[in-house]
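Take a look at the structure below.
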Amino acid sequence: MYESLLGFPGSLFDEIDRLRQEMDSLFPQANMPASIRSVAPGSFPAINVGNTPTSVEVYAFAPGIDPTKLELTIDRGVLTLAGSRSSSLPDGETKVSAYSRERPFGEFKRAVSLPDDVDPERIQATYRDGVLHVSMPRRESAMPKRIAIE
């Protein structure tokens, strides 16, 4: 009796998505960050930042990048990740004309502001399966302590 809005090509949601893409192409400033702490959609690499009682954890999703070409620095409470990713399209005689490019390439830089209690001497970084994991322990002096009452 009722047709699904999601079940067939040309559905209402497909039409809304098409309209959003057209608006983004007509008005590029609409693709700007929503707030001072956010970044524009499609920023590379995508990152997740979280914390535990004992550390701050950063995950950067950067598949297809040689970890030796990543540069990770910390300066004045800001963690910076920089590097570059080459295009997957061939160059030279077999140059391909791309109609759509959804995989970002080129140089990139992302910065994360860190809390004051991060210990920069004990930061560890690992790269596995396209994910860079940066673990930053908090200083012992900043940890909550239980005080015994005598």
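Taking a ≥ b ≥ c as the square roots of the eigenvalues of the alpha carbon gyration tensor, region 107-148 is prolate, as a/c is not under 1.5 and a/b beats b/c. Here the label points at Tyr59 and Ile16, each 7 Å from Cα along the C-beta direction, are separated by 2.8 nm in the simple model.
Using a simple spin-label model with pseudo-atoms 7 Å out from Cα toward Cβ, Ile149 and Ser43 lie 4.6 nm apart.
Every number in this text was worked out from the coordinates using simple rules, so none of it is lab data. A quick note: this is a predicted structure, and the numbers were derived from the prediction, not measured. In this analysis, Cβ positions are derived from the backbone assuming ideal geometry, glycine residues included, and neighbour counts consider all displayed protein chains.
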